[in-house]
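The values are calculated or read from the model by the stated rules, or taken from the named source; none is laboratory data. All values reported here derive from a predicted model rather than from experimental measurement. Quick reminder, even Gly has a Cβ in these numbers, built from the backbone with ideal geometry, and neighbours come from all protein chains shown. What goes into the accessible areas is simple: the full protein's heavy atoms, side chains included, and nothing from ligands, DNA or RNA. Shrake-Rupley method; radii C 1.70, N 1.55, O 1.52, S 1.80 Å.
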Amino acid sequence: MSFTPPSRSALRGLGTRLVHAGRDPSAQHGFINTPIVRGSTVLYPSVQAYAERDSRYKYGTLGSPTRESLETAWSELSGAAGTVLAPSGLMAVTIALLAVLRSGDELLVPDAVYRPTRILCDGLLRRMGVSTIYYDPVLAPDDLAELFTPRTRAVFVEAPGSQTFEMQDVPGIAAAARARDLFTIMDNTWATPIYFPPHERGVDLAIEAGTKYLGGHSDLLLGMVSASERAWPLLRAVSDESGNCPGPEDVFLALRGLRTMSLRLEEANRRGLAMAEWFQARPEVKRVMHPALPDDPGHAIWKRDFSGSSGLFGVTLRPAPPKAVAAMVDGLELFGIGASWGGYESLVTPVDCTSYRTATRYEPGGPCLRFQIGLEDVDDLQADLDAGFARLRAGS
Ligand SMILES: *Cc1c(COP(=O)(O)O)cnc(C)c1O
């Protein structure tokens, strides 16, 4: 029975590591979980200690035992030199970009990027003098390297793409970027470090919306940025300089989520794939966008680089009038209509991926829906959708 944290050699499997990461019962009177530490002021024992800020925790914005617990665990899980937490996934994207970009720099961003990231690039970053060049997400690394200029500072990647689920050759892109001394920044929210170890694959800064599978219950907002050795000092600096800090309750809930994350993700993987295959067999469906399906255009890359998939994927319907699609979706009893994902409940959102792209044209050939598969029984979800498809047909 261990009271102190187990040795490294005892922590082999993923489940074991997730159970023990970032906590030390011996430091808290034997209680298993790191408590919620709230606070602004940290007291120092003397004038001299204060002058030298000689303390493990210096001030509330700069860190706390609760935050450190999750940062340590996340770095272990991601194979990172260090992790910074942020109050949302989007704020994690912001912190990662601000860590490496300077006024006058160019940033390469895939056309299929999470849309709020695009709004950040076209808004805040542009006002700060950073230009964003959007690129075709399926460009081969060598072709992408043709877009590098003397001003290019970083390449952003996201695999699979938000809404359209294209796979990117992340190790290839990261190698091309590193050869030119550029940073690779990845939004790894879909796979999480459990299914795609970002730093092992050459990524410098990996973003995760903790809001999704780490939280897992749609009851918190959180972001993480983990860093490679060379990016870590830059990331730490921008976080400390900006006063970035998440709320302690959200961090505590995320730590609770961490202990069961691999189980929930395994279920998401299994159910997501089962549902994707079921959609594929439906006559109303034109195409399912899910890289773990063998006939997906990104499947070879997914199989080479990823060890699983999450429960989020896209479905393109055969052409149907908007009213029929609305009747199908509005009448679903088990699928909520709303943004975000990674929780225990199933969701559906209509998506229009044709409207905002600038580097590529996207023509799905029918209405697109994005599904998040939760922990309901797959048979029940299929029965609900069966009735939905009947409404779709009746309105077409
Ligand atoms: C949800 C999401 C984010 C942002 O997370 P929030 O916590 O909602 O800000 C970032 N990237 C991707 C791919 C996401 O799906």
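Looking at the range 325-396, the GluC sites (Glu not before Pro) that sit in a DSSP loop and have at most 15 other Cβ atoms within 10 Å of their own Cβ are 333, 376. Near the amide H of residue 132, within less than 5 Å, lie the amide hydrogens of 107, all on another chain or at least 5 residues away, with H placed in the peptide plane.
Label positions at residue 52 and residue 352, each projected 7 Å from the Cα along the C-beta direction, are separated by 6.2 nm. The length gained by stretching the chain between residue 31 and residue 393 to full extension, at 0.36 nm per residue less their Cα-Cα distance, is 124.6 nm.
Using only side-chain charges placed at the Cβ, +1 for Lys and Arg and -1 for Asp and Glu, the dipole size of the chain relative to its Cα centre rounds to 460 debye. Between the beta carbons of residue 149 and residue 241, assuming R0 = 30 Å, the FRET efficiency works out to 0.60 to the nearest 0.05.
Could you tell me which trypsin sites (Lys or Arg not before Pro) in the range 183-240 are loop residues by DSSP with no more than 10 other beta carbons within 10 angstrom of their beta carbon? Write down the numbers at each step before the final one.
Details: sites: 201, 212, 230, 236; in loops: 201, 212, 230.
In loop regions of the range 183-240 (DSSP not H, G, I, E or B), there are no sparsely surrounded trypsin sites (Lys or Arg not before Pro).
With both residues required to sit in the range 47-206, DSSP beta bridges show an antiparallel share near 0%.
Evaluating kT/(6 pi eta Rh) at 4 °C and 1.567 mPa s, with the Kirkwood radius of the range 82-184 over Cα pairs in the Stokes-Einstein relation, gives 94 µm² s⁻¹. On the chain, 55 percent of the accessible area sits on carbon and sulfur atoms, based on a 1.4 Å probe. With bins 10 Å wide beginning at 0, the percent of Cα pairs of the chain falling in each bin runs 5, 22, 30, 24, 13, 4, 1, 0. Summed over the residues of the chain and divided among them, the accessible surface reaches 44 Å² per residue at a probe radius of 1.4 Å.
Place a label point 7 angstrom from the Cα of residue 386 along the Cα-to-Cβ direction, then list the residues of the range 309-351 whose backbone nitrogen is under 16 Å away. Taking a point 7 Å out along Cα→Cβ of residue 386, the residues of the range 309-351 whose backbone N falls under 16 Å are 332-334.
Between the residues 113, 319, 335, the greatest Cα displacement towards the positive end of the dipole of the chain, with unit charges on the Cβ of Lys, Arg, Asp and Glu, is found for 113. When the charge dipole of the range 146-271 is built from unit charges on Cβ atoms (+1 for Lys and Arg, -1 for Asp and Glu) and taken about the Cα centre, the candidate among 239, 263, 168 whose Cα reaches farthest toward its positive end is 263. Report, in whole Å, the centroid distance computed from the Cα atoms of the range 23-49 and the range 137-161. The range 23-49 and the range 137-161 have Cα centres spaced 44 Å from each other.
Taking amide H as placed 1.01 Å from N in the peptide plane, the amide H of residue 152 sits under 5 Å from that of 106, each at least 5 places away or on another chain. Residues whose amide H falls under 5 Å from that of residue 351, counting only those 5 or more places apart or on a different chain, are 368, 369, 370, with hydrogens built in the peptide plane. Compared with the alpha-carbon gap, the fully stretched path from residue 278 to residue 41 is longer by 79.8 nm at 0.36 nm per residue. Cross-link partners for residue 212 among the lysines, with Cα-Cα distance under 25 Å and sequence neighbours closer than 8 places in the same chain left out: 303. Our coupling estimate for the range 118-124, obtained by passing each phi through the Karplus curve with A = 6.51, B = -1.76, C = 1.60 and θ = phi - 60°, is 5, 5, 4, 5, 7, x, 3 Hz, Gly and Pro reported as x. Considering only 42, 329, 348, the mean-square fluctuation computed in a Gaussian network model of the chain, springs between alpha carbons under 10 angstrom, is largest for 42.
Evaluate Rg over Rh across the range 253-396, taking Cα atoms for both radii and Kirkwood's formula for Rh. Provide the component values of the computation, followed by the final result.
Details: Rg = 15.6 Å, Rh = 16.0 Å.
A ratio of 0.97.
Rounded to the nearest 0.05, what FRET efficiency do residue 340 and residue 115 give with R0 = 22 Å and r taken as the Cβ-Cβ distance? Could you check? Could you put the intermediate results ahead of the total?
On the way: r = 13 Å, r/R0 = 0.59.
According to the calculation, E is roughly 0.95.
Computed from backbone phi, the HN-Hα couplings of the range 346-363 come to 7, 9, 9, 9, x, 10, 10, 8, 8, 7, 10, 5, 10, 9, 9, 9, 10, 10 Hz, rounded to whole numbers (Karplus: 6.51 cos²θ - 1.76 cosθ + 1.60, θ = phi - 60°; Gly and Pro given as x). Loop only by DSSP, 12 or fewer other Cβ within 10 Å of the Cβ. Give me the chymotrypsin sites (Phe, Trp or Tyr not before Pro) in the range 243-293 that pass, ordered by residue number. Sparse-neighbourhood loop chymotrypsin sites (Phe, Trp or Tyr not before Pro): none present.
For the range 131-144, putting each phi into the Karplus relation 6.51 cos²θ - 1.76 cosθ + 1.60 with θ = phi - 60° gives couplings of 9, 9, 10, 7, 10, 5, x, 9, 4, 5, x, 4, 6, 5 Hz, in residue order, rounded to whole numbers and with x for Gly and Pro. Cross-link partners of residue 286 among lysines, defined as those whose alpha carbon lies under 21 angstrom from its own and excluding same-chain residues fewer than eight positions apart: 323. The distance linking the range 337-396 with the range 266-282 is 13 Å (Cα centroid to Cα centroid, whole angstrom). Computed from the C-beta positions of residue 181 and residue 303 and an R0 of 35 Å, the FRET efficiency is 0.70 to the nearest 0.05.
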